[in-house]
Amino acid sequence: MDERKRLRSLIALLMAALFVIWGGTALAASHEEGEDASQFTSENIEGEEEGPRLEVLEGFVSPGIITDSMLLNAGKDPNNWILYGKDYAHTRYSQLDEINTETVKNLVPKWVLSFGSLDSQGSQTIAFNGSLFVSASHNHFFRVDGRTGRTVWRYDHPLPGDVAPHLCCDVINRGPALYGDKAYVATLDGHLVSLDAASGQVVWDQTVADYKSSYSFTLMPLALDGKIIIGTSGAEFGIRGFITALDAETGEEVWKTHTIPAPGEPGGDTWPGDTYKYGGGSAWVTGAYDPELNNIYWGVGQPGPWDRHAHPGDNLYTNSTVVMDPDSGAIKFHFQYTPNDPYDYDGVNETILADIDGQKVWLHADRNGHFYSIDRTNGSFNYAVPLGKITWNRGFDPETGRPIFAYPEMDVTRDKVTEGIYPGLFGGKEWNPMAYNPHTQIAYVPAFGDHSMDLQSKVEKYTRGELYLGIKVMKFFGGGGELRAIDARNGELIWVHNNPMPFRSSVITTAGNLVFAGDTEGYIKAFNATTGAQLWSFNCGTAVMGGVNTFTVDGRQVLAVVAGQAGTAIETGLDKNWPKTHQKGGYLIAFELH
């Protein structure tokens with residue numbers, strides 16, 4: 001509903017209220033035929049003044065109120081996109097079908113919003129009743145009119161001049177979250193900020209972590225039951241990762257859970273000595289939520305340093321999905337993908353919650369090169385299938401899902417360069433989210449293809465606020481990308497689209513039988529979800545590494561694309577010559593049918 005319709009509805013409501021106030025007595029008097037109406041008038045009430053009892057009646061128009069009920073039912077609302085993954089289950093499935101396999105050829109740009117800044121563009125649009133909320137690099141945040149692309153307000157979070165050396169992977173932000181009548185933004189200098197969604201004015205600004213110790217926030221917050229939940233970035237600097245919940249009204253901490261347990265805590269024995277103090281374990285991708293089980297599912301990244309011999313043991317809860325109580329933050333159980341990881345295979349990638357053949361599962365495509373199905377009620381292993389060439393392991397324990405490492409051949413040590421490690425540094429799949437159609441039970445995965453790396457580790461001393469990798473040699477060998485359609489029931493590959501460059505945007509799928517994905521060459525593309533046939537593309541002129549999603553404005557389906565490089569240069573071009581032929585960019589494009 002647009003602003004004018006909302007205003008008309010509000011006026012009608014106020015008129016109805018006035019009618020009741022002025023006419024209510026007469027209505028009551030005439031309720032029973034023949035009754036003396038005078039006994040109900042204010043003249044018979046001693047001290048009562050004539051006229052309406054309400055002296056002031058005012059209304060205020062704002063973007064709207066996001067309630068818990070709306071968030072819980074976000075997956076049923078085709079017109080808006082109010083959560084990071086469309087719904088709490090992170091399906092990225094839209095029921096819209098105005099844009100479909102027949103009409104997608106008529107998709108054209110309607111307007112473009114320039115962010116006014118280059119560098120890292122990894123954001124995603126949040127859309128509610130025609131108002132769009134999006135972020136840009138350097139912590140610039142916007143509310144935008146979805147009809148025209150006009151900026152309604154812009155909030156520029158003041159960043160310290162010395163924050164950049166404490167950031168692993170550029171000045172990225174994945175977008176604001178909406179809750180109540182507020183927008184919530186997590187910042188590179190360790191703050192969570194509450195903004196008035198109507199005006200963009202700061203309501204409160206809470207310092208959550210010390211950026212000088214290289215803690216930062218790059219994710220879209222998760223709004224849930226009066227809380228705003230965020231996880232930290234910074235594992236490359238030897239932080240001790242955490243996930244925390246703040247009160248949405250006040251910004252006060254509700255709970256805080258470290259992803260690296262201390263001695264005496266469950267999992268603390270997997271960290272020798274004091275290595276837990278700088279054990280990494282970032283949590284920089286927004287978690288999923290199952291309201292029936294009351295569980296949060298949150299990905300945790302790699303240990304620090306990458307030199308696994310500096311911290312022998314499984315190193316919980318790195319490279320894991322942890323399952324948490326949203327009320328207390330307590331970890332109920334977990335599944336670990338790559339224990340004692342020497343490859344930077346991370347584990348932060350999204351979990352998609354699905355119900356398959358009567359079983360509640362989570363789906364996860366990991367940087368270690370495998371697509372997983374895990375029982376989300378207890379963390380037990382269902383299956384893992386490769387997304388491409390694998391050399392680091394020889395398979396999995398069929399009962400536990402623990403990988404069988406290809407040691408000593410593929411171990412990363414201090415005395416030699418280990419060559420031909422597949423997949424490469426950015427994994428079988430990077431952080432950019434996949435999509436899932438709950439009706440067909442097909443997942444659409446943006447895979448890297450057969451990329452590899454060579455590594456050699458070294459002894460490195462931890463120093464507060466400085467990179468802590470423990471790596472002497474790092475060589476990366478890139479190539480193309482793939483979009484894979486996988487049957488989530490058994491992990492079987494249905495189709496694959498080979499692409500000249502990797503798909504690095506988020507992926508979405510729709511009831512129009514389409515899949516949308518953007519690549520580092522700069523194209524946003526549409527595919528037939530059943531066959532994988534490419535049906536449409538548009539050259540955005542710069543890498544597409546941010547969010548893609550869809551919603552309606554004034555009843556028409558809109559496709560929104562955040563365009564611009566995200567992360568490091570090697571992630572985009574995989575080639576030192578890339579900047580000579582490709583440009584950075586920073587803008588939001590809205591497409592509609594012509």
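So what is the 222 nm mean residue ellipticity for the chain from helices alone, if each DSSP H run of at least 4 adds -39500 (n - 2.57) and you divide by all residues, rounding to the nearest 500 deg cm²/dmol?
On the way: 4 runs with 41 residues, N = 594.
Result for the chain, helices only: -2000 deg cm²/dmol.
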| remark: Reduced to Cα centres, the span from the stretch 153-205 to the stretch 105-143 in Å works out to 15
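Cα gyration tensor of the stretch 119-172, axes a ≥ b ≥ c as square roots of the eigenvalues: rounded (a/c below 1.5), prolate (a/b > b/c) or oblate? Before the final figure, lay out each step's value.
Details: a/c = 3.63, a/b = 2.25, b/c = 1.61.
Prolate is the answer for the stretch 119-172, as a/c is 1.5 or above and a/b outweighs b/c.
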| Hypothetical label at Trp153: residues of the stretch 166-188 whose amide nitrogen lies under 17 Å (7 Å Cα-Cβ projection) | 176-186
| field | Shape of the stretch 477-594, Cα gyration tensor, a/c cut at 1.5 | value | oblate
| query | With a 10 Å Cβ neighbour count serving as the proxy for reagent exposure, in which order, fewest first, do His364, His370, His497 appear? | reply | His497, His364, His370
| field | Taking the stretch 68-593 and dividing mean pair separation by its residue count, relative contact order in percent (alpha carbons under 8 Å, at least six apart) | value | 15
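So for the chain: antiparallel DSSP bridges make up what percent, rounded to the nearest 5?
Details: 129 of 133 bridges.
Given both bridge residues lie in the chain, the antiparallel proportion sits at roughly 95 percent.
To the nearest 0.05, how large is the calculated FRET efficiency for Glu409 and Lys475 if R₀ is 22 Å and r is the Cβ-Cβ distance? Don't skip to the answer; put the middle values down first.
Working: r = 17 Å, r/R0 = 0.79.
In this case the efficiency is close to 0.80.
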| task | Show which lysines lie in cross-link reach of Lys429 when reach means a straight Cα distance below 17 angstrom and same-chain residues fewer than eight apart are skipped. | result | Lys389
| remark: Expected sort for Thr581, Thr257 with the fewest Cβ neighbours (10 Å cutoff) up front is Thr581, Thr257
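Given axes a ≥ b ≥ c from the Cα gyration tensor, I'd like to know whether the stretch 271-415 is rounded (a/c under 1.5), prolate (a/b larger than b/c) or oblate. Display every interim value, and only then the final one.
Working: a/c = 2.23, a/b = 1.33, b/c = 1.67.
It comes out oblate by the Cα gyration axes.
Looking at the stretch 470-539, which chymotrypsin sites (Phe, Trp or Tyr not before Pro) are DSSP coil and have at most 14 other C-beta atoms within 10 Å of their C-beta?
none
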| message | Give the lysines reachable from Lys461 as a straight Cα distance under 23 Å; neighbours fewer than 8 places away on the same chain don't count. | response | Lys212, Lys277, Lys416, Lys472, Lys475
| field | On Cα atoms only, tilt of 3-29 relative to the major axis of the chain in degrees | value | 40
| Within the stretch 205-243, which trypsin sites (Lys or Arg not before Pro) sit in a loop by DSSP and count at most 13 neighbouring Cβ atoms inside 10 Å? | none
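P(r) tail for the chain, what percent of Cα pairs lie past 49 Å?
14
Arrange the following residues from fewest to most other Cβ atoms within 10 Å of their Cβ: Met434, Met70, Met220. List each step's numbers first, then the result.
On the way: Met434 30, Met70 18, Met220 26.
By the 10 Å Cβ count, ascending, the order reads Met70, Met220, Met434.
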| remark: One checks the Cα atoms of the stretch 469-539 and finds Rg and Dmax, in Å, of 14.9, 49
| For Leu219, distant residues with modelled amide H under 5 Å away | Arg174
| For the chain, can you list the cysteines whose C-beta has no other cysteine C-beta under 4.7 Å from it? | Cys540
| remark: Any aspartates and glutamates whose Cα falls less than 17 Å from that of Lys256, other than same-chain ones fewer than 8 residues away, would be Asp210, Asp225, Asp247, Glu265, Asp325, Asp327
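We did not get these values from a lab; they are worked out from the coordinates using the rules stated. A quick note: this is a predicted structure, and the numbers were derived from the prediction, not measured. All Cβ positions, glycine included, derive from the backbone under ideal geometry; neighbour counts span all protein chains shown.
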